[in-house]
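Written out below as structure tokens is the structure these notes cover.
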Amino acid sequence: MRNSQSTLTLSIIGFGAVGQGVATIVQNVPHIKVVAIADSKGVARMPDLNDVLARKRGGQPIANSNLTALDVIRTIDHDVVVEVTPTNIQGGEPGLTHVREALKNKRNVVTSNKGPLVAAFDELTQLAYTNGVALRYEATVGGAMPIVNLIRDTLAGARVLDIRGVLNGTCNYILTRMAEEALDYDQVLSEAQDMGIAEADPTYDVAGIDTACKVIILANAFFGRHATFADVDVTGIDRITQDALQLARQRGFAVKLVGDVQELTVSPKLIPIAHPLNVSGTLNAASILTDTAGEITVAGKGAGSIETASAILSDVLSLMRDRT
Amino acid sequence: MRISMDLELQDRPGQLKHVLTPISDLGGNIASIVHHHDKKTFRNTVPVSVIFDIEEQTLEELQEGLEKNGVAIVRIGKMRLRARTHILLIGHIIHTNLRETIDEIDGTGFAEVQDLSLSMPAIDGPSSAVITIMATGDEELKKSIGILRQIAERKDLLFIEPLDERGSPGGVSNEE
């Protein structure tokens, strides 16, 4: 990298929940300097993090320059672009352009944004490779739950045969509450919307689209599948009834929305109550089937501002390690 | 198909190969074999029970082979349904003729619907059912799950099957 050996410079592109989470936790990390933060309205150049966080929370603009996000990516000399704009599965913009431009300008990219990776995984990984920079995306799958780096680094000695996971906290919350409290789908969905666990338009989560995006990213990353959204067979949870969950429970099963990476499917599945993938609430879990290490299951918080930021920070820190 | 056979062997060393060779020659896979030395018959033969998996159409040939080897066959049992799974269906199950769904599985000859629990909260609302299917073996079970999946698709029912287990307990299980 081109900057000083001691300090890693980064920009935060997108200042929603995840971007604010990143700004919050990097304050406590030595040798990281945020050189710019872009939200949808403008750019804060050399921001005082406490100040911009306070302004954002108070609904005030954070911009202190005439720059755009793309100006930051193209013209400000820095090491890492943290791309955390919202996921757009229709073409991946604006994240796709951000990531593409960052890589072309030989900047490392750390992202939680599934859109660009679903839209152009092969192009972006190739672009990173030819420009000699890294594209890291631990935060796109499973939030704080380690999976991408776990497979790539820790499980490097095993061949991964399949990955199956409960990868959407909203669906898992809904199914857990329906089963445990004998509540109807609509009731629990409204409750989840009230708590901020589900969006006003819940389709992205409950129709299995979010899980499918994660399946695509893992399939492309670990099985070289060149998969896009059209390749995934997706069934959501919106037709599941409370009675069905009770019937399943009487037979010793829970119902979970499972993404199967090798099969490229997303569908509700019966899971034995004692199975490690049977995690409750908003938790995520993934089982990684390997040739030599057997089956390894991880679970953790799949969403949340600070939780997702922790995955981003782990990617940033690993870039820092790679540099020394 | 899983077969259990009660046989009688001459009480002489080296007789067991007269049982094992024909079974393995026909591609059979032995699951269990018990030599009842303590239950010698008045004919001075030793009862042997053997349980194995073999293609059904080779059974007749096997019987001939055993008899040619001087093995007396006392009883042949076809242990038919040994693989079991549960499937959850959600939708207008009743309106779409449940009987027909069950008949289609039962009609295969290798699988049957063993149990069905139904929950119908409202006459016009979707109902939910857990169907327990048993089949003669794991392959047959997979086939019957496939049939049920097709029926569910045709009738616009949500079809939820167990997570396919890879050697760990739960999901699809074998039963004697």
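Rule-based calculations on the coordinates, nothing more; no lab input. Computed from a predicted structure; not experimentally measured. Ideal geometry is used to build each Cβ from the backbone, glycine not excepted, and the neighbour counts take in all protein chains shown.
Over all pairs of different C-alpha atoms in the range B:83-174, the reciprocal of the mean inverse distance, the Kirkwood hydrodynamic radius, equals 13.3 Å. Too long at a 24 Å Cα-Cα cut-off: which of A:Lys114/B:Lys155; A:Lys214/A:Lys269; A:Lys214/A:Lys256; A:Lys33/A:Lys56; B:Lys78/B:Lys142; A:Lys33/A:Lys301? With Cα atoms farther than 24 Å apart: A:Lys114/B:Lys155; A:Lys33/A:Lys301. Normalised by the number of residues in chain B, the mean separation of alpha-carbon contacts (under 8 Å, six or more apart) gives a relative contact order of 24 percent.
Scattering from the range A:48-178 was approximated by placing one identical point on each alpha carbon and applying the Debye formula without solvent; log10 I(q)/I(0) at 0.13, 0.18 1/Å stands at -0.70, -1.14. Only helices enter the 222 nm calculation for chain A: every DSSP H run of n ≥ 4 contributes -39,500 (n - 2.57), and dividing by all residues gives -11500 deg cm²/dmol, rounded to 500.
Distant-in-sequence amide contacts of B:Ala31, defined by a placed amide H-H separation under 5 Å and a gap of 5 or more residues or a different chain, comprise B:Ile51, B:Phe52, B:Asp53. Rg and Dmax of the protein assembly as shown, based on Cα coordinates, read 29.5, 105 Å. Between A:Gln27 and A:Gln193, the FRET efficiency from the beta-carbon distance, with R0 = 35 Å, is close to 0.65.
Peptide A:275-288 is shielded by partner chain Cβ atoms: per residue, an average of 1 of them sit within 10 Å of its Cβ.
Sorted ascending by nearby beta carbons within 10 Å, beginning with the fewest, B:His92, B:His86 become B:His92, B:His86. Scalar couplings 3J(HN,Hα) for the range A:58-74, obtained by applying the Karplus form with A = 6.51, B = -1.76, C = 1.60 to θ = phi - 60°, are x, x, 8, x, 9, 5, 9, 8, 9, 6, 9, 4, 5, 4, 4, 4, 7 Hz; x denotes Gly and Pro.
For the range B:83-174, averaging the sequence separation of C-alpha pairs within contact (under 8 Å, six or more residues apart) and dividing by the residue count gives a relative contact order of 41 percent.
For A:Thr170, A:Thr68, the sequence from fewest to most other C-beta atoms within 10 Å is A:Thr68, A:Thr170. Of all DSSP beta bridges confined to chain A, the antiparallel ones make up roughly 60%. Taking Cα centroids, how far is the range A:245-292 from the range B:1-43 in Å? Taking the Cα centre of the range B:1-43 as reference, the centre of the range A:245-292 is 43 Å away. Remark: A:Arg55, A:Arg136, A:Arg74, A:Arg107 ranked as A:Arg74, A:Arg55, A:Arg136, A:Arg107, counting other beta-carbon atoms within 10 Å and listing the fewest first. Averaged over peptide A:236-248, the number of partner chain Cβ atoms lying within 10 Å of each residue's Cβ comes to 6. Between B:Asp53, B:Asp106, B:Asp156, the GNM of chain B built on Cα springs shorter than 10 angstrom shows B:Asp156 fluctuating the most. Against chain A, whose longest principal axis is taken from its Cα atoms, helix A:305-323 shows a tilt of about 50°.
Have a look at the DSSP beta bridges in the range A:1-81 and tell me what percent are antiparallel, nearest 5.
25 percent
Taking the longest Cα principal axis of chain A as reference, the axis of helix A:209-223 is set at about 70 degrees. If you wrap the tightest convex hull around every Cα atom of the range B:2-79 and split its volume per residue, you get 80 Å³. Calculate how steeply helix A:17-26 sits against the longest principal axis of the alpha-carbon atoms of chain A, using the helix alpha-carbon long axis, and give the answer as 0 to 90 degrees to the nearest 10. The answer is roughly 60 degrees.
Comparing mean-square fluctuations of B:Arg75, B:Arg149, B:Arg43 from a GNM of chain B with C-alpha springs under 10 Å, the top value falls on B:Arg43. The convex hull drawn around the Cα atoms of the range A:149-301, when projected onto a plane and averaged over every direction, covers 8.9 nm².
Each semi-axis of the equivalent ellipsoid for chain B is √(5λ) with λ an eigenvalue of the Cα gyration tensor; in descending order they amount to 44, 14, 13 Å. For the range A:139-256, averaging the sequence separation of C-alpha pairs within contact (under 8 Å, six or more residues apart) and dividing by the residue count gives a relative contact order of 27 percent. Note on chain A: with a GNM built from Cα contacts shorter than 10 Å, the maximum mean-square fluctuation among A:Ala200, A:Ala102, A:Ala69 falls on A:Ala200.
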